[in-house]
Amino acid sequence: MTDIDTKNTIDSMLQEDRCFAPPSEFVEHATINKADDLNKLYQLANDDYETFWATLAHDEIDWHTRFSKVLDSTNAPHYRWFDDGTLNISYNCIDRHLIERADKTAIIFEGERGDIQRLSYRELHSAVCRFANALRLHGVEHGDRVVLYMPMVPEAVIAMQACARIGAIHSVVFGGFSAEALKNRIEDAGAKVVVTADGGYRGNKIIPLKAACDEALSHGCESVNAVFVLKRTGEDIAMTTGRDIYWHDATKLVADDCPPEWVNSEHPLFLLYTSGSTGKPKGIQHSSAGYLLGTIMTMKWVFDAQDDDIYWCTADVGWITGHSYVAYGPLALGMTIFMYEGAPTVPDAGRFWKLCQYHKVTVFYTAPTAIRALMKAGDAYPGSHDLSSLRLLGTVGEPINPEAWMWYHRVIGKERCPIVDTWWQTETGANIIAPVPGVVVTKPGSCTRPLPGIDVAVVDESGNVIKEPNKGGYLVIRKPWPFMLRAVWGDEERYRKTYWALFNNKYYVAGDSARCDEDGYYWIMGRTDDVLNVSGHRLGTMEIESALVAHEKVAEAAIVGVPDDLTGESIFAYVVLKGDRPIDGIDENLTAELRQWVGKQIGSIAKPKEIRYADNLPKTRSGKIMRRLLRTIASGEAITQDTSTLENEAILEQLQGKQ
Ligand code: WT7
């Protein structure tokens with residue numbers, strides 16, 4: 001963890017006084033629409049939070065064998081919930097709806113090119129069973145890891161559910177990650193099988209997923225013995241005999257029923273890799289029962305899940321949002337989800353609104369970066385579509401600036417739809433701080449209050465709760481919750497160090513700074529570690545630095561985040577070359593080469609927006625790179641920090657681009 005400057009960086013400058021009561025039209029039909037009902041939930045949770053969660057787990061999950069133990073803290077900070085129960089997640093998301101909702105649409109899908117597919121719960125059941133049988137036939141068993149590298153098509157959800165059905169642990173790798181990133185994740189997870197597609201459509205291009213997969217598997221990845229390939233684009237691809245098999249062939253001759261494997265509540269449902277403050281992404285391990293409960297409860301509390309909703313969460317299944325609010329939560333409640341494969345701007349910036357209109361989307365959940373991009377495109381796009389089906393809007397991934405919030409509220413929601421700003425993380429599994437929209441008054445830019453049963457606080461360096469309103473500190477969670485992460489795959493030390501060490505295992509440390517206002521509303525202020533948030537996606541500065549120094553011409557690199565109108569933060573790289581600094585610090589070819597290189601090592605989202613070459617980096621006499629100084633320089637602000645401890649003060653001119 002880097003130094004956290006409580007005096008300067010953490011004191012908040014933001015003043016936002018606007019308040020929005022839940023619109024009456026929404027309140028009328030909302031499931032939780034009385035303050036008393038919500039207060040009762042808080043009361044129950046406060047009286048006895050274990051019983052509170054146990055009751056919900058009993059009521060909301062279909063168990064194979066019921067649990068008798070609620071919370072087991074014996075091995076804290078590895079907490080176990082509902083430990084002696086057994087269940088199957090896919091059974092809970094599909095089979096249990098077959099009695100009453102077999103013909104209800106589970107998934108509506110539209111591809112970037114306009115192809116539409118609909119799958120009923122009965123059809124979803126059969127597709128999941130077939131693929132589960134195919135996996136079993138290829139030797140995938142309880143506890144085996146399966147890596148998915150897929151486009152945003154129904155088969156991505158089908159493959160996740162199929163893994164859950166047989167107790168295999170999936171690890172979805174976002175299709176925008178490079179071959180190298182894929183390889184690292186396959187190896188870390190020790191995956192037996194990879195599921196991919198010939199390609200996917202995005203931004204009027206074909207993403208060559210199978211080619212990247214072949215490259216990843218061409219060196220290392222010894223654990224992999226089969227690759228399933230979905231035909232999506234029909235492009236010519238290489239197939240390796242004995243290893244690669246087409247999805248449609250694999251699912252042809254298998255039965256369309258597959259008995260679910262009953263797993264323990266604590267059985268890992270999935271690993272999902274996320275960036276941290278070291279070079280290597282970490283495999284966040286989630287449980288089965290506790291995780292499922294989190295997705296169900298937050299779908300009800302925050303998204304006011306209703307039977308006739310068409311629920312659209314725009315996140316890719318490669319991120320946690322696509323796990324909890326595409327593949328699991330809404331299906332566990334028997335809802336209809338909408339999935340879209342492509343970019344929001346194809347063929348134009350009206351695509352999302354056209355999709356909302358055509359498919360009659362009722363709940364729409366997206367990221368601030370998308371909202372800002374669509375806002376920039378102008379009001380004519382949403383203005384020319386009928387958005388009257390919408391009743392609730394959501395946002396996630398980074399703090400939403402009040403201007404974007406107001407636009408979302410006014411132009412998309414027509415002041416009829418509450419906005420749920422949901423704070424959570426890959427590690428928390430589901431929403432943690434978010435409004436219950438039929439009751440809670442919202443303030444643009446605040447994720448409002450922690451959900452019932454979740455004990456959030458802002459604490460100072462010594463771990464004391466900051467009582468003074470609006471004073472920033474570390475955001476922590478003080479009690480375990482059912483949908484919390486269980487481990488970092490294969491790295492116990494990192495689990496303890498990253499999330500628990502700072503306050504001696506007492507609190508879960510989120511890595512965000514936050515403040516709490518006089519009404520008990522939380523305002524997220526940014527990360528306290530070396531993690532950037534670019535378009536709502538987490539990227540470790542060290543991860544990008546390691547990628548840069550792996551290039552033969554680079555001696556040293558420092559990455560900082562710079563505020564960006566569209567993406568929240570953008571990546572700024574300071575690079576010291578092994579050879580001479582380019583004349584005037586400019587070498588466009590090398591800059592293009594390095595950006596390309598980072599794209600290849602990690603993925604396009606990690607490409608630095610700007611690269612500045614220097615003879616060396618500003619370091620303290622003890623050799624520590626002065627990141628805060630670099631950040632100031634990159635933002636073009638005047639240097640107010642004390643630079644007297646700098647080893648080479650003369651470098652400042654050069655870093656500012658003045659030489
Ligand atoms: C980090 C987690 C959870 C899904 C998306 C990202 C930031 C997330 C908000 C929000 C302010 C937010 C935090 C957090 N963040 N939601 N509503 N307001 N900041 O998941 O990649 O695990 O990133 O995203 O900094 O720690 P993730």
Cα-Cα pairs above 19 Å in the range 34-109: how many percent? 54
Percent carbon-and-sulfur accessible area, the range 531-655, ignoring ligands, DNA and RNA, probe 1.4 Å: 47
What are the aspartates and glutamates whose alpha-carbon lies under 19 Å from the alpha-carbon of residue 69, with same-chain residues fewer than 8 places away excluded? 47, 48, 50, 59, 60, 83, 84, 266
Over the range 531-655, relative contact order from alpha-carbon pairs under 8 Å, at least 6 apart, %: 23
Of all DSSP beta bridges located in the chain, what percent are antiparallel, nearest 5? 60
Considering only DSSP beta bridges with both partners in the range 464-617, what is the antiparallel share in %, to the nearest 5? 85
If amide hydrogens are placed 1.01 Å from N in the peptide plane, which non-local residues have theirs closer than 5 Å to the one on residue 394? 364, 365, 366, 420
Pairwise FRET efficiency - residue 493 versus residue 211, Cβ, R0 = 25 Å, nearest 0.05: 0.10
Once you keep just the Cα pairs under 8 angstrom separated by 6 or more residues, what percentage relative contact order results for the range 387-544? 19
In whole angstrom, note down how far apart the Cα centers of the range 258-305 and the range 324-374 are. 21
Determine which aspartates and glutamates satisfy two conditions relative to residue 467: a Cα distance under 17 Å, and not lying fewer than 8 residues away in the same chain. 11, 455, 517, 518, 519
Heavy atoms of residue 313: accessible area, 1.4 Å probe, square angstrom to 10: 10
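Skip the ligands, DNA and RNA, and give the accessible area per residue of the range 394-509 with a 1.4 Å probe, whole Å².
Details: 3610 Å² over 116 residues.
Spelled out: the 1.4 Å probe surface of the range 394-509, per residue, equals 31 Å².
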Would you compute, for the Cα atoms of the range 531-655, the largest minus smallest coordinate along each principal axis and list the three values in descending order, in whole Å? 38, 32, 25
Past 18 Å, Cα to Cα, is the threshold; run 282/609; 40/506; 210/600; 471/497; 183/252; 205/609 against it and keep the listed order. 282/609; 40/506; 471/497; 183/252; 205/609
Highest mean first, what order results for 44-51, 536-543, 227-234, 346-353 on Cβ atoms within 10 Å? 536-543, 227-234, 346-353, 44-51
Cysteines having no other Cys beta carbon under 4.7 Å from their own, within the chain: 19, 93, 163, 213, 221, 313, 356, 417, 447, 516
In whole angstrom, how far apart do the alpha carbon centroids of the range 107-142 and the range 454-483 sit? 42
If all Cα-Cα distances of the chain are sorted into 10 Å bins from 0 onward, what percent lands in each bin, rounded to whole numbers? 3, 15, 26, 28, 19, 7, 1, 0
Put +1 on the Cβ of each Lys and Arg and -1 on the Cβ of each Asp and Glu in the range 256-412; which of 301, 273, 326 then has its Cα farthest toward the positive end of the dipole? 273
If I take R0 = 60 Å and measure r between the Cβ atoms of residue 236 and residue 642 in this structure, what FRET efficiency does the formula 1/(1 + (r/R0)^6) give, to the nearest 0.05? 0.50
Farthest toward the dipole's positive end in the chain, which of 605, 312, 245, given Cβ charges of +1 (Lys, Arg) and -1 (Asp, Glu) about the Cα centre? 245
Just how large is the dipole of the chain about the Cα centre, in debye to the nearest 20, putting +1 at every Lys and Arg Cβ and -1 at every Asp and Glu Cβ? 340
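The values are calculated or read from the model by the stated rules, or taken from the named source; none is laboratory data. The model shown is predicted, which means the values in this text are computed figures rather than measured ones. Counting neighbours? That spans all protein chains shown, and the Cβs are built from the backbone with ideal geometry, glycine included. Calculation scope for accessible area: heavy atoms of the full protein, side chains included, ligands and nucleic acids excluded. Shrake-Rupley method; radii C 1.70, N 1.55, O 1.52, S 1.80 Å.
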